[in-house]
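The values are calculated or read from the model by the stated rules, or taken from the named source; none is laboratory data. Remember, it's a predicted structure, so these values are computed and weren't measured experimentally. Note that each Cβ is placed from the backbone with ideal geometry, even for glycine, and that neighbours are counted across all protein chains shown. These accessible areas exclude ligands, DNA and RNA; they are computed on the full protein's heavy atoms, side chains included. Shrake-Rupley method; radii C 1.70, N 1.55, O 1.52, S 1.80 Å.
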Amino acid sequence: MRCVIQRVSKARVTVDGKVTGEIQKGFMVLLGVMDGDTDEEMRLLAKKVGEIRIFSDENDKMNLSLSQAGGSVLLVSQFTLCADLAKGRRPSFTLSAPVSEAERLYLAFGEELKKYGVNNVQYGVFGADMAVELCNDGPVTIVMDTDIWTKKAVK
């Protein structure tokens, strides 16, 4: 499972001209679910996202988590994070989880974040063509991959 976290001052997702999710201060999380990803990996990634300390404290040090900073999450499914570029110039997406499993883990990830004090989780629309707007704060952008942590990555 892979995600890109962007610390934002605001973010929103629009589908067919309608805002489906919108936050102020917090994280824009782009989530890619790989074939074979498990609930255990989903929980591990949600814990990392929920506990990462990348908001500034009173000494201007990155020392506060999302809940400590009073932030929200805008969660967007992003199967293109599963792109395989090993051959040629056109990405293959065969590493992506089947749609039903990817959607299940995506929704479970949003619910799991609540265990870490994230009271406001907004969503994009799974599988939709979305317009995503955000104002990256910092900029701070972090990439996380459970395959690296669980040593499943091909070397």
I want to confirm something. Restricting to segment 1-23 and keeping residues that are assigned to a strand (DSSP E or B) and open to solvent by less than 10 Å² (accessible area, probe 1.4 Å), which single residue is farthest from Tyr106 (Cα to Cα)? Val8
Is it true that Asp39 is surrounded by fewer than 22 Cβ atoms within 10 Å (Cβ to Cβ) and without any contact (Cβ under 8 Å) to a residue 12 or more places away in the chain? no
Residue by residue through segment 75-105, note down the ones that are charged (D, E, K, R) and either under 18 Å from the mean Cα position of the chain (by Cα) or closer than 30 Å to Asn119 by Cα (or both). Glu101, Glu103, Arg104
Residue among Ala108, Ala86, Ala102 that is open to solvent by 20 Å² or more (accessible area, probe 1.4 Å) and more than 23 Å from Ile52 (Cα to Cα): Ala86
What number goes with the only condition from (1) in contact (Cβ under 8 Å) with a residue 24 or more places away in the chain; (2) touching a strand residue (DSSP E or B) at 6+ places or on another chain (Cβ under 9 Å); (3) closer than 26 Å to Thr150 by Cα; (4) surrounded by 14 or more Cβ atoms within 10 Å (Cβ to Cβ) that Leu44 does not pass? (2)
Of all residues in segment 128-137, how many are more than 19 Å from Ser72 (Cα to Cα) and either open to solvent by 70 Å² or more (accessible area, probe 1.4 Å) or free of Cβ contacts under 8 Å to residues at least 40 places away in the same chain (or both)? 1
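Of everything in segment 111-125, what is loosely packed, with under 14 Cβ neighbours inside 10 Å and of a type in the set (S, T, N, Q)? Give them in sequence order. Don't jump to the end; show me each part of the working.
Just the residues of segment 111-125 that are loosely packed, with under 14 Cβ neighbours inside 10 Å, to begin with: 111, 115, 119.
If the condition is that a residue be loosely packed, with under 14 Cβ neighbours inside 10 Å and of a type in the set (S, T, N, Q), then Asn119 is the only one that fits.
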Among the residues in segment 58-67, are any open to solvent by less than 60 Å² (accessible area, probe 1.4 Å), under 14 Å from the mean Cα position of the chain (by Cα) and either of a type in the set (S, T, N, Q) or at pLDDT 95 or above (or both)? yes
How many residues are open to solvent by less than 60 Å² (accessible area, probe 1.4 Å), β-branched (Val, Ile, Thr) and either part of a helix (DSSP H, G or I) or touching a Cys at 6+ places or on another chain (Cβ under 6 Å) (or both) if we restrict to segment 139-150? 1
Matching residues in segment 85-138 - criterion: being of a type in the set (Phe, Trp, Tyr) and part of a loop (DSSP other than H, G, I, E, B): Phe93, Phe126
